[in-house]
Every structure is written in C-alpha cells, then in structure tokens.
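Worksheet: one structure, shown below.
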Amino acid sequence: MTYPVIEKPSLAEVRMKPNLQDYDATYRSFQWKSVERELAWLPGGGLNLAHECVDRHALGGLRDKVAMLWEGKEGEEETYTFEQMRRESNRFANLLKGLGVQKGDRVFLFMERVPELYFAFFGILKLGAVVGPLFSAFGPDPVRDRLLNSGARVLVTQPDLRQRVASILKDLPELKHIIVVNKNNRSREPLARGDLSYEVLMANASAEFGPLTTTKDDYSIMHYTSGTTGRPKGAVHRHYAVVQHYLTGKWVLDLHREDIYWCTADPGWVTGTSYGMSAPWSNGVTQVIYEGGFRASAWYQVIQKYGVTMWYTAPTAIRMLMKAGEELPGQYDLSSLRYICSVGEPLNPEAIFWGQKVFHMPIHDNWWQTETGAILIANYPILSIRPGSMGKPVPGIRAGIVEQDGKELPPGQEGDLAIRPEWPAMFRTYWQDEERYRSRFQNGWYVTGDRARQDKDGYFWFVGRTDDVINTAGHLVGPFEVESALIEHPAVAEAGVIGKPDPIAMEVVKAFVSLKEGYEPTPQLRNEIMRFARQKLAAGVAPREIEFVRSLPKTRSGKIMRRLLKARELGLPEGDTSTLEED
Ligand code: AMP
C-alpha cells in the first residue's frame, strides 16, 4: 500500500533552521572524527558520558542554565541547573566510593523518574561503575533475574519499590548495599535493617569529585532488552556512545540550545537513557522530566505548561492519544511544539497523518534497538517523509538488506536489515553471553533481527521482526502493513497480527483488534473490518480471521508482543513474560 509523500518543508517554513541541512552531501563526506572534536573529552584523552552531559556545561558557559524541569507525580516541581547536576552527581560518586564501589562494578537503579535517579546515574558513571536502570513497574522476578545475571553490587531504590522486591533480596549474594531514596519524605516508614539512607549519605558527601578516569571503551550502561521475542539479555554499552547520542540529538531530534525537550520514555529502557539523558544534555538542552504516567490530558498539559518545543515519544503513546480523540488537544495551547519524533515500533501512516491534523506537523519516525545504542535510521526535518518508512541511515551508518549468506540485496527486495560494524553506540557484549553476542555478527554485518527493504531512493521500510513475519501461501507478509491498514478503520484502536498455522497456506493472517470507545464487538463490525482490510490490502494479505480483544499484550516499553498472541492462540508455553505489561 502506498501513501502520499509528505514533501519536505522549505527552509522559510520551518520555525528553526535545521541543524542538518544537506543530507546527501553530509552522508557522503561524514567522518566520526569531526563529531568527536565537538565534545570536550578528559585531560589525557579519556571520555566520560557524565562529563560530556553535565560537567562540561557546568564548568563552561551553561553553568546556570536549567538542565532539568521536573514535575513529580504529586504535582511537586523542582528545577536543576547544570551546575547543580554536577554537584549532586559528584556527591553520589563520592558516596559510592565511600562504600568501596569500584570501577566496573554494577550499580542498579530501581526508581521512579525522580531527580535523584538522574544524579545517581551520572554519579555512577563518574566513578567508572556500570549503571543498570530497571523499569519501576517491574515485579520481583524480573528484578531478581537482572540483578542476579549482572552480579549487581548496589541497588538504589525507593521505599515502596524496596518493599515490592523484599522477598528476592535473600537470593542475591553479590548485592552488598541497598540505598533508599525517600523523595520529599513521601514515606514515613523507617528504613529496613541494613539499608542506607540516600539523604544521609548525600548530606555527608563532598560535591567535588575527580579526576575522572574512564576511557571511551570502558563499559557505561547495561540495558536488558525488552524482549518482544525472547529472554531479556543484558546489552552492555560504553562511554563512547555519547558521541552518537550527541550527533543524533543534533541531527535527528534537531535539538537547539533554545529548545524545551520532552522524551516520554522511562530510563528503564534504552530510549530513556540515550535520549532521556545523554542526547539532550550532551547538547546542552533543557528537558522536562515528568514522573506521572500516561493520561492524554496530563500529557497535553505538560506540553502547554512547559512550552515543550521538541517531543520524542512512541507509536503506542500516539495511538493512545488518538484513542482519546481529536477534540482534546484543541483544549490546550500546544503552539510551542515545533518538531515531533517517534521510536520503538513502526509508526503507522495513520498516526503521521493524525499528527498533521492535530499538531499541524508530521511525526518523524526513527529506528534503532537496545543493541544499537542510538538512532541509526531516521526521518529528518529536511527530507520528505514517505509515510510508513523509517527513513534513511544516519550519516556514519551503513545499512543494508542482506540474505542469509550476507549477500546484499538490491532495492525493492525484502531481507534482513543489517548494519556494518562498528559505530560509536554499538553494544559491546551481552553480559556473560559473549557467544550470543558474536552470533549477531555475520559475514561482516551486524544482523538486527528485523526484516526490511530499501526503496530505490534509499528509504528503509520495516516489514517485521524476523520471528513475526508471516508466510502465507508462499508470500511473506509483514504484520506492520496489515496492522496499519486495520487501524485506518474508524472503529479500530489497535491491532496485532500473527500467522496462524494452516494446512493449505502454511499460515493465514489472523488479527487481534481492540476497538475505540463507543464501538461494540459485533459480528457485523467484524465483517465490515474484514471487507475494509481486503479493499486496502491484496487478497491473501488481509486477515482471514479477526478476533476482538479488550487490549493487546505489550511489553512495558509499549511494543505489541505478537509472540505472545501467537503462543496464546496456539496454546503454547508463553515463554519469558517478565517484560509483559499487566492490564
Ligand atoms: P528494543 O531493543 O527493545 O528497543 O527493540 C528494538 C526493536 O523495536 C527493533 O528491532 C524493531 O523491531 C522495533 N522498532 C524500534 N523502532 C522501530 C521503528 N521506528 N520502526 C519499526 N520497528 C521499530
């Protein structure tokens, strides 16, 4: 299915001159060295992500600029300048040092989005320890699995979260310290025996720390991937990634010093660290951190109140905003917005057109993974958008569509999306699973596990996760294309599509559909949606079966878990569900 191209805006039309002005020329002449020169580095040639994001601004011209505009879930407001961030993160680094934490030790964060999470994050990196952020909605089992696998030495948490995982702590012999942050005295309970008070330790820690001794290749952050297809694995990154966070913040998110930026991802996922910390702050930009969860009206309120100019969010959030209706945004002043990007799942064309209608600008999709550490394929302010396409590779990135033997396929053909190693933000290993890490590299490519194709003009089109692609009567069907067609129907809120085994066609397309408010799941509506899909898609590609569901199983980072839909459909074991979002 093809959708009308959204032509690039003329320079006169855009509110801020884009940082990247000539994609093709830049792509051709690009050198990472020239980006490296835009960062500060450490005396002696070392590199530290925290130094690039915080200290170099605090010690330079942005000392008193606001880095963080924080709004708590109880409506509290706090702001922190780069200098305050420097001092607080120094305190945390000293605190850890005082506990005997050493370079390379793993320190995990199990916290809500409170400012202390960010201070701790940078403090850990300053010390040279490895930070492992955990999503705060996790229950005890996923937390235990991750702390065990990583051999975490310290856990920084909050009283209610500490209580939630109390039962697993005895299973973690390597965990030596639990530091509890009692944000704004929200909890009146005394600390558990042996726990350490963040507030007490910080009050006694010096606000000066140094020297920083990390190199560009030292490990910095480990993220357990959200695992739409298998067991979560700990992807380990290095300080050098900041070079690419900085660059993609500048060229893809088009961050300018005047921007007020809001990334809606939680730091428990890679987007929340690479783009909720590193990219904006290495670019010296003020960002909003909103502790509250998703509510359409609250989100519009955040944009209005803080005058958000650049907004980075995800398809699942956009679909939820769409579900909340077109009238709601009209009740807020959203005129500050100038640029919107999305990541995490394919962005349905319908969502892009909705963005145009409601926000008066298209939403720019971009593609990357936990393992890639930073955006690799993107739509840019200065390129036309082909709705449904992920865009073109970031300068410095060579992407290809390959066959199993690594042979590159010509434009138009579908195959495995692969990237030529290496790039600064590329992961360096899966924690304690070097073999699996190496298996991701074949014939000189990093093979992403996604199926895609490239058109003759160099745009990449996502087809599906390799494991999600459906083989029906010899045709390979990507679930994304079918889902995108389905959600164009006015009654459909979300759709998840799988291949259901079939004796004749091998697999047939089956869709699980949730409806918008006000629609009833009747047989008539099912038939109508089927007819609608058949008109939009080729016969054989349209779903043979539609099942109405109240909601779709998703990872906690918002991705539809097709693997689980399929397992449930076939009555197979559900496998690892530690990242499944509970209803
Ligand atoms: P994770 O490592 O958990 O962030 O998941 C990465 C995966 O999410 C990718 O390999 C894709 O399957 C999917 N993904 C992320 N961004 C996009 C996008 N813009 N379009 C299509 N799929 C995406």
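Quick notes
- With DNA, RNA and ligands ignored, accessible area of E74 (1.4 Å probe; Å², nearest 10): 130
- Net charge, V107 excluded, C-beta distance under 11 Å - Lys, Arg +1, Asp, Glu -1: +2
- Proximity of backbone amide H atoms, modeled 1.01 Å from N, is registered between H475 and no other residue at under 5 Å, excluding neighbours fewer than 5 places apart on the same chain.
- Cα gyration tensor shape for the stretch 302-345, rounded if a/c is under 1.5, else prolate or oblate: oblate
- Across the stretch 470-570, C-alpha contacts under 8 Å between residues 6 or more apart give a mean separation that, scaled by the residue count, equals a relative contact order of 28 percent.
- Spatial separation of Cα centroids for the stretch 16-91 and the stretch 341-375, in angstrom: 24
- Label-to-label distance, nm, for residues given as V5 and D141 (7 Å Cα→Cβ offset): 5.0
- Antiparallel beta bridges, as assigned by DSSP with both residues in the chain, represent about 55 percent of the total such bridges.
- Using the Karplus relation 6.51 cos²θ - 1.76 cosθ + 1.60 with θ = phi - 60°, the per-residue 3J(HN,Hα) values for the stretch 263-270 come to 10, 8, 6, 7, x, x, 10, 4 Hz, with x marking Gly and Pro.
- Apportionment of accessible area to carbon and sulfur, the stretch 232-323, percent (1.4 Å): 52
- One chain, two ends: K33 and E574. Fully extended at 0.36 nm per residue, the span grows by 190.1 nm beyond their Cα-Cα distance.
- Listed residues G496, M530, I560: farthest to the positive end of the dipole of the stretch 456-583 (Cβ charges): M530
- Area of H237 that stays accessible when all protein chains are in place (1.4 Å probe, Å², to 10): 10
- FRET efficiency, D405 to M16 (Cβ-Cβ, R0 45 Å, nearest 0.05): 0.50
- Dipole size of the stretch 283-370 about its Cα centre, with +1 on Lys/Arg Cβ and -1 on Asp/Glu Cβ: approximately 100 debye, rounded to the nearest 20.
- Hits among aspartates and glutamates - C-alpha to C-alpha of K516 under 16 Å, sequence gap 8 or more where chains match: E326, E327, E350, E483, E488, E494, E528, E547
- Over 23 Å (Cα to Cα) - which of K183/K323; K33/K407; K17/K250; K233/K554; K103/K170 fall in this group: K183/K323; K33/K407; K103/K170
- Rounded, prolate or oblate (a/c below 1.5 giving rounded, otherwise prolate when a/b exceeds b/c) for the stretch 470-570 by Cα gyration tensor: oblate
- Each of T81, T555 has its accessible area taken with a 1.4 Å probe; listed largest first, they run T81, T555.
- Solvent exposure of the chain as accessible area per residue, Å², 1.4 Å probe: 39
- Dimensions in Å of the stretch 296-369 - Rg and Dmax from alpha carbons: 11.5, 35
- Placing +1 on the Cβ of every Lys and Arg and -1 on the Cβ of every Asp and Glu, with no other charges, gives the stretch 40-139 a dipole of roughly 520 debye about its Cα centre.
- Under Karplus coefficients 6.51, -1.76 and 1.60, residue-wise ³J(HN,Hα) of the stretch 90-107 in Hz, glycine/proline x: 4, 4, 5, 4, 5, 4, 5, 4, x, 8, x, 5, 10, 3, x, 5, 9, 10
- From its DSSP helices (H runs of at least four residues, each -39,500 (n - 2.57)), the chain gives a residue-normalised ellipticity at 222 nm of -7500 deg cm²/dmol.
- Residue-span extension gain [E545 to E528] - 0.36 nm each, minus C-alpha spacing: 4.9 nm
- Kirkwood Rh and Cα Rg combined as Rg/Rh, the chain: 0.95
- Its Cα centre serving as origin, the stretch 23-449 has a Cβ charge dipole (Lys and Arg +1, Asp and Glu -1) of approximately 640 debye.
- Unit charges at the beta carbon, dipole of the chain: most positive-side option, A207, V252, I221: A207
- Spatial separation of Cα centroids for the stretch 515-583 and the stretch 193-260, in angstrom: 36
- Residue (of A50, P381, L334) at the positive-pole extreme of the chain, dipole from beta-carbon charges: A50
- Between D455 and E189, the contour length at 0.36 nm per residue exceeds the alpha carbon distance by 89.8 nm.
- The stretch 334-476 shape via C-alpha gyration tensor axes, a/c threshold 1.5: prolate
- Within the accessible area of the stretch 383-431, the carbon and sulfur atoms contribute 42%, probe 1.4 Å, all protein chains present.
The values are calculated or read from the model by the stated rules, or taken from the named source; none is laboratory data. Everything numeric in this text was worked out from a predicted model, so none of it was measured. We place every Cβ from the backbone using ideal geometry, glycine too, and count neighbours over all the protein chains shown. These accessible areas exclude ligands, DNA and RNA; they are computed on the full protein's heavy atoms, side chains included. Shrake-Rupley method; radii C 1.70, N 1.55, O 1.52, S 1.80 Å.
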